[in-house]
Amino acid sequence: MNTDTNTTPPRVWLHTDTPGPQTRAFRRSFEIVGQPTGAMLRLFAEARYLLWVNGGFVEAGPAAHHPMRAPFDTYDITAMLRPGVNTLAVLVYATDRGTHQHIPSGEPGLCAELTWRDERGASGLVSDDAWRVTAQTGWVFGTPKRGWALEPIEQYDAKLEPHGWREPGFDDSGWASAEVLALGDTVPGGVQAVPRPTPTLRHHWVLPSKVMGVYAVPGTVEPIDAGAKSSALAEQLLGLTREAPPDAVRVTRGEAPGSLSIAGLTADRGVVVELDLGAFHVGQLVLEAQCASPGVIDLAWSEVRGVGGRVDCLRKGTSYVDRLHAVSGKLDWRPIGFSGMRYVALVLRGFEGTVQVNRLALDATEPDLAWSAEFHCDDEKINKIWRLCERTIRVGTQDALMDCPTREQASYIGDGQPVALWIARLTGDTRYWRDLVLEQFRRQATNGLVRSTPYSCFDSTLIDYTLIAILGTRDYLRWTGDRDTVSQVLPAARRVMRWFDDTRDGHGMLAWHWQSDRGDRPPEHRFDPDGPRLEHRNLFIDHPGLGWHNPHDAGIDRRGTNAAIHALL
């Protein structure tokens, strides 16, 4: 194990025979004597966690990472603790399927370490068998992937979640003791524990600015299963016949921010409420409600409005929908993943009576940086373009650089290098840039090429992005003077250049032959220390007509010499 066992807490988990995506709820209660000071929590989970302290939500994590690295988040939770019994509650999501931004290590679990001072002096705890854990969290998978690049659609059943499990007073005596495991035991080469390499995120609530429409729909709910295509759930919702609601259905805004009352519901008639957040934001769509009866809630979202002005929750085969099975009583929903949106559709079916929405809002996130750069000129159109571009970079960046925070959420080198440069210009902070410089070469094929998306499970490369990786590293060195970081990747950069030198023809030119398919090599659904292979290669330069990107645009003949790739070379 490539970690210091004195500073790296153990990994805890609860194994079951259930295949596919898994969730676990972890709890650890402890006592504070008097007023605590200096309470610092270090946390990592494979593959994602949501953290609550004494019932209050803190953060989701960790940052994007390769399977052989474990970036630990550090939180000062002093203000959230109190004299007496306190509780850490962590929901952990693990998967056996790779995505465009994550490759499973094969070691699901939680690593935690808390230290604090109180009237007794210094105290602490780590992830061990004193933690209580259950596999009954409310999340029910067996759903199709949201899209080709993303995790499965989230499906939640409130009757399967232990009510109040995040609170200090919850009785977890019926839960299992956590299984204590080491971090890196089964990962070839081990796992290196590192501090979070990118900035933490800043949170703020975004409430609906207006109700766009209320519609009656049939009350029948069709189930979805893992074998369905990714677009299936969104197609179900977009195919619902909409009518004007009867007088008995009343939707009113409450006095509390983000609250709604939907009254007059019947089991045979559903209701759709469409809402506008006022602008595009990225984060987690949170729903807190009180339901008079059981029913099904579909939460759908989109960046744009589609046919008839409805929320267009299906974009390029991706379903922007989550499904909640509510029970009579309290519903408190926060998804595991995040997305970007402006418009939201709340689809209620199977309910009798009233659903009181106490809060429907987006917990919006963006990097916690000082966006201090300014620009102004006499042309207001150019000023608006500046503001739009600055906001796009700020809102679209999350725990890692990404081409888009919705459909792919991936750290493409060709997108990330210029974005990282602009974040440095706008904030003076180069942490995203340094992380990309290092991680883009973290896993290199024996032929010298790298994946166009560093954390992706898909074994293909865009050879122009491989060159952009080197150009971006050069720009990082010029901007920062950070020779120590760049020296770490120089051997990998030289291997890249050797591939191009070996591929030149007798005239010194690279004659590129377009590959119209992606090849048949399967995705890396579990970390392969001998990967990537990168036998499938393509160009993103002049990308229309690739067959898998912008398929309806005119094709470009790529057989022979490509001037753009030689300009990069």
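The values are calculated or read from the model by the stated rules, or taken from the named source; none is laboratory data. Here the structure is a predicted model, which means the values were calculated and not measured. Neighbour counts run over all protein chains shown; Cβ positions are idealised from the backbone, glycine included. What goes into the accessible areas is simple: the full protein's heavy atoms, side chains included, and nothing from ligands, DNA or RNA. Shrake-Rupley method; radii C 1.70, N 1.55, O 1.52, S 1.80 Å.
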Part-to-part distance (alpha-carbon centres) for region 435-487 and region 149-191, which is given in Å: 34
Sparsely packed GluC sites (Glu not before Pro) within region 195-259, loop by DSSP, other Cβ within 10 Å at most 10: E255
Inter-site label distance for Q136 and E374 at 7 Å from Cα along Cβ, in nm: 5.9
The chain: relative contact order in percent, alpha carbon pairs under 8 Å with at least 6 residues between: 14
Positive minus negative residues near R69 (Lys, Arg vs Asp, Glu; Cβ under 13 Å): -1
Rg over Rh [alpha-carbon atoms, Kirkwood Rh] for region 25-124: 1.03
Accessible area in square angstrom per residue, the chain, 1.4 angstrom probe: 42
Cα-projected label distance for R494 with E235, points at 7 Å along beta-carbon direction, nm: 5.4
Sulfur and carbon atoms: percent of accessible area, the chain [1.4 Å]: 51
Options V272, V307, V357, ranked by Cα towards positive dipole end of region 265-370, top entry (Cβ charges): V307
Potential extension, L207-T354 segment - 0.36 nm per residue separation minus Cα distance: 50.8 nm
Cβ-based charge dipole, region 71-217, positive-most Cα from T134, C111, T99: T99
Surface/4 estimate of mean projected area, convex hull on alpha-carbon atoms of region 188-252, nm²: 10.3
Helix-only mean residue ellipticity at 222 nm for the chain, each DSSP H run of n ≥ 4 adding -39500 (n - 2.57), per residue, nearest 500: -5000 deg cm²/dmol
Residue among G258, A39, T427 farthest towards the positive dipole end of the chain, charges placed on Cβ: T427
Extension gain, V33 back to C389 (0.36 nm per residue minus Cα-Cα distance, nm): 123.1 nm
Principal axes of region 142-187: Cα extent on each, largest first, Å: 41, 35, 16
Relative pair counts by distance (%), Cα atoms of region 217-280, 5 Å bins: 4, 12, 20, 18, 18, 16, 9, 3, 0
Hull volume in cubic angstrom per residue (convex hull over the Cα atoms of region 72-197): 162
The chain: DSSP helices with Cα axial extent of at least 27 Å and average Kyte-Doolittle hydropathy no lower than -1.0: 483-503
Region 520-541 versus region 11-34: alpha-carbon centroid distance in Å: 33
Region 224-370, Rg to Rh (Cα coordinates; Rh as Kirkwood inverse mean 1/r): 0.96
Cα-based Kirkwood hydrodynamic radius, the chain, one decimal, Å: 25.5
Q440 long-range amide H proximity, modeled H, under 5 Å: none
Kirkwood-based Rg to Rh ratio, region 396-501, C-alpha trace: 0.95
Neighbourhood net charge (9 Å Cβ-Cβ; Lys/Arg +1, Asp/Glu -1) for P454: +2
Cα convex hull volume per residue for region 125-242 (Å³): 255
Pairwise Cα inverse-distance average, inverted: Kirkwood Rh of region 1-75 (Å): 14.9
Size of charge dipole - the chain - debye, nearest 20, with Cβ of Lys, Arg +1 and Asp, Glu -1, no other charges: 660
Relative contact order computed over region 212-308 (Cα-Cα under 8 Å; 6+ residues apart), in percent: 35
Rounded FRET efficiency, nearest 0.05, which uses the C-beta distance separating T220 from V327 and R0 of 22 Å: 0.65
Neighbourhood net charge (12 Å Cβ-Cβ; Lys/Arg +1, Asp/Glu -1) for D501: +2
Region 67-126-region 364-425 distance, computed between alpha-carbon centres (Å): 29
Label-point separation in nm, A279 to R526, each point 7 Å along Cα→Cβ: 4.6
